[in-house]
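Below: the structure, in structure tokens.
The values are calculated or read from the model by the stated rules, or taken from the named source; none is laboratory data. In this text, all values refer to a predicted model and were calculated from it rather than measured experimentally. Every residue, glycine as well, gets a Cβ built from its backbone with ideal geometry; the counts of neighbours run over all protein chains shown.
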Amino acid sequence: MIDGSSLPIRGARIVIAPHAGYTFSGPCAAWAYKCLDLSKVKRVFVLGPSHTYYLDGCAVTTYDKYATPFGDFTVDRDVIQRVKGAGQMADIPKSRDSAEHSLEMHLPYLYKRCEETFGSPDQFPAIVPILIGDNDRYEEKNVGRILVPYLKDEGNAFIISSDFCHWGANFQYMVYSPENDPTKLVNLRRSDSRPTGAPIHETIRLLDEAAMDAVKSGSHDAFVDNLEQTKNTVCGRHPIGVAMAALELFAKETNDDTKFRFKITQYQRSNLVDKPSDFSVSYVSAYAVL
């Protein structure tokens with residue numbers, strides 16, 4: 001059980017889950033998929049960031065199927081075309097699509113959950129893979145608005161693909177807070193000695209907690225503002241931003257802006273950074289009931 005509810009959580013049709021190697025983020029991602037309710041779902045939107053090329057705006061797959069080690073998922077080409085037209089989205093170049101891990105890493109989890117829910121692959125939902133590029137807050141709201149009708153339909157589920165803080169020289173993000181305050185940060189260098197104050201991983205935790213608090217707030221602007229302030233390297237910030245914008249618009253339509261908020265189920269890190277030469281990536285799983 002999670003939050004006093006049996007699993008999967010009834011109505012939990014949208015999750016945030018990490019996309020790193022399974023050895024690192026698999027246990028964390030599993031918590032999101034334990035929550036995911038597919039009982040009435042006919043299609044699953046998969047929103048992820050682009051790692052293989054710079055993307056301004058959004059882009060959709062041109063493939064008809066995505067493969068997993070267990071079996072294939074069919075792409076809902078009709079919905080792809082409708083969303084593409086509504087959002088003036090580009091096509092993902094096939095070579096980039098094949099190389100992109102933020103979408104495909106989720107599909108084995110989804111396949112296993114579909115086996116549990118539907119049994120026969122003939123009954124599995126189709127997928128709608130979309131890369132969310134470098135959009136500003138207003139563009140995220142516009143894309144979110146396009147997705148609101150799909151959020152309302154209990155035949156749709158959403159997987160939001162994102163890791164959280166990437167800390168280390170390789171990621172060009174080495175902030176540290178001597179005062180354990182995520183608003184008061186200094187930049188370290190790889191050659192620096194170990195800080196004499198709180199360990200570096202405590203700063204990373206504070207940064208991630210501030211981002212998670214913004215996610216839980218239900219305010220899209222609060223999330224964007226937090227990342228603008230801390231520069232936290234949340235690679236799926238734009239997919240999360242689009243999802244939060246859509247959920248917030250949906251909640252406003254019900255005249256209850258406390259609805260459809262994400263709940264965090266798991267937080268993990270690949271390493272507890274102790275010295276500037278270390279590195280780590282953070283992982284978060286969350287769900288929202290629609």
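Here are a few things to note about the model shown:
- If you filter the range 160-193 down to residues that are closer than 27 Å to Gly21 by Cβ and of a type in the set (D, E, K, R), you find that the one that is surrounded by the fewest Cβ atoms within 10 Å (Cβ to Cβ) is Arg190.
- Residue selected from the range 230-286 under the condition hydroxyl-bearing (Ser, Thr, Tyr) and touching a Leu at 6+ places or on another chain (Cβ under 8 Å), by the criterion surrounded by the most Cβ atoms within 10 Å (Cβ to Cβ): Thr230
- Filter result for the condition that a residue is charged (D, E, K, R), within 23 Å of Phe260 (Cα to Cα) and either out of contact with any Pro (no Cβ under 7 Å at 6 or more places or on another chain) or in contact (Cβ under 8 Å) with a residue 60 or more places away in the chain (or both), over Glu140, Glu116: Glu140
- Check on Arg205, crowded, with 22+ Cβ neighbours inside 10 Å, basic (Lys, Arg) and either touching a strand residue (DSSP E or B) at 6+ places or on another chain (Cβ under 6 Å) or closer than 18 Å to Arg269 by Cα (or both): no
- Ala198 being more than 25 Å from Val46 (Cβ to Cβ) and at pLDDT below 95: yes
- Across the range 158-179, a minimum of one residue is classified as at pLDDT below 95 and over 27 Å from Pro8 (Cα atoms).
- Strands (runs of 3 or more DSSP E) contained in the range 4-81 and holding at least 1 residues in contact with a Phe, Trp or Tyr (Cβ under 8 Å, 6 or more places away or on another chain): 12-17, 43-48, 65-67, 72-74
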